[in-house]
1. Could you list, ordered by first residue, the pairs with Cβ atoms under 6 Å in which the first is in segment 157-183 and outside the structural domain of residue 207 (by TED's automatic domain parsing) and assigned to a strand (DSSP E or B) and the second is near the ligand (Cβ under 8 Å from one of its atoms) and modelled with pLDDT under 95, at least 6 apart or interchain?
2. Looking at 391, 349, 369, which one is touching a helix residue (DSSP H, G or I) at 6+ places or on another chain (Cβ under 7 Å) and in the same structural domain as residue 267 (by TED's automatic domain parsing)?
3. Select from segment 357-377 the residues that are crowded, with 19+ Cβ neighbours inside 10 Å and over 15 Å from residue 4 (Cα atoms) and list them in ascending order.
4. Check 86, 24 and return the single one that is touching a helix residue (DSSP H, G or I) at 6+ places or on another chain (Cβ under 6 Å) and either outside the structural domain of residue 250 (by TED's automatic domain parsing) or within 16 Å of the ligand (Cβ to nearest atom) (or both).
5. Considering each residue of segment 235-263, count those that are over 20 Å from the mean Cα position of the chain (by Cα) and surrounded by fewer than 23 Cβ atoms within 10 Å (Cβ to Cβ), and give that number.
6. Looking at residue 315 and the list (1) touching a strand residue (DSSP E or B) at 6+ places or on another chain (Cβ under 9 Å); (2) more than 28 Å from residue 209 (Cα to Cα); (3) part of a helix (DSSP H, G or I), which single condition is not satisfied?
7. Given the criteria closer than 29 Å to residue 196 by Cβ, modelled with pLDDT of 95 or more and touching a strand residue (DSSP E or B) at 6+ places or on another chain (Cβ under 7 Å), does residue 287 qualify?
Ligand code: EPZ
């Protein structure tokens, strides 16, 4: 159990470097086994989820280690195609190894990743798309067994722009004979980062960032050096921390375009935003304005992962905000915990209605998921007195040294485990 002690009421000020993207790192780590290659990655964040992915790579027979924010992988010796349940359950997104194993080994055996705090998280779209490529997939209970057979390029249309399903198709299609066209693809920046990595590995792939991606096989280069882009959700989190505390914070090394939907609402809430090529400065008023209606949506819409942290920033705003969560069926778990601080939030189905209050007071909260936990910390920063957030390691799955980053900006935060 990790304990986050926060003494609220301090404005955040100063400059903040933004870590590498968790959601770009994880599919790239899986992609490293698509063909034998030596991979060197920089700006990889130090996270529980990255540790879990490296453990899977080592289990599969690769050399995989992280030194600081660099990761070195040699997938030449990848010899296994089975991932045991114990490794699968550590990280839900380990399903991304499915497409990579089918491409490399022609088969894969793993347990279904299962649901998580956000909802059922089915993988029906992944399996349907991989079957269209020619993978023979059986589901026995909660285990899936895939025999790649001969993968043949084809046209696949996703009924929903699933990020994970898009990534799994990109990886498997690298080994397919002929051209694969993926329509209805996810457009998140992490998809473009994965395409850049695969190209450096020798894949003929184009279209990432649009809803149509074309993959035409691979001529392995055997060696890849890649830099992980900044984490747009961590950037959004730190921007919301500044907004929650009436602060003045400059985010460094960010691509503002990647979280412009969040910046748009912070601006509407009364923050002055100064954005340059690779930095963003947020100057927040002591009290934000409510922003009306927010709808989460696939990129470039408002990101579901930023919904809890923007909610936290708006708890003391003047007026009413309604957030509709369209992506996950259970992503308001942070609400009852935030209400223990004195927040006024009502949830009906997929809509959370936030009525801003003048003041929040400290309390003891329990984190239930990664972004909900971060939202509780942000709310604690805006509350008077002491807040304790108890967390079973959700927050450190996605945030590298969040306590230190916040202290560097003047927050009174300590994390003990
Ligand atoms: C990725 O999850 C991210 N995780 C999530 O971030 C993010 O919230 C999500 O994309 C949406 O942007 C990683 O990249 C590791 P989806 P993923 O497939 O790929 C349904 C975080 O906090 N669906 O786009 O699992 C699914 O149930 C995490 O960093 C199906 O129904 O997301 C969900 O409701 C949380 N069938 C919706 O689509 C499928 O086969 C979005 O899922 C696949 C998905």
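The values are calculated or read from the model by the stated rules, or taken from the named source; none is laboratory data. This is a predicted model, so every value here is computed, not measured. Every residue, glycine among them, receives a Cβ derived from its backbone with ideal geometry; neighbour counts consider all protein chains shown.
1. From segment 157-183, no pairs qualify.
2. After applying the criteria, what remains is 391.
3. Listed by number, the list holds a single entry, 360.
4. 24
5. Residues meeting the conditions: 3.
6. Condition not satisfied by residue 315: (3).
7. So residue 287 does not fit the description; no.
Quick grid of which residues meet (1) in contact (Cβ under 8 Å) with a residue 24 or more places away in the chain; (2) within 15 Å of the ligand (Cβ to nearest atom); (3) under 27 Å from residue 254 (Cα atoms):
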site: 124; (1), (2), (3): no, yes, no
site: 135; (1), (2), (3): yes, yes, no
site: 138; (1), (2), (3): no, no, no
site: 147; (1), (2), (3): yes, no, no
site: 151; (1), (2), (3): yes, no, no
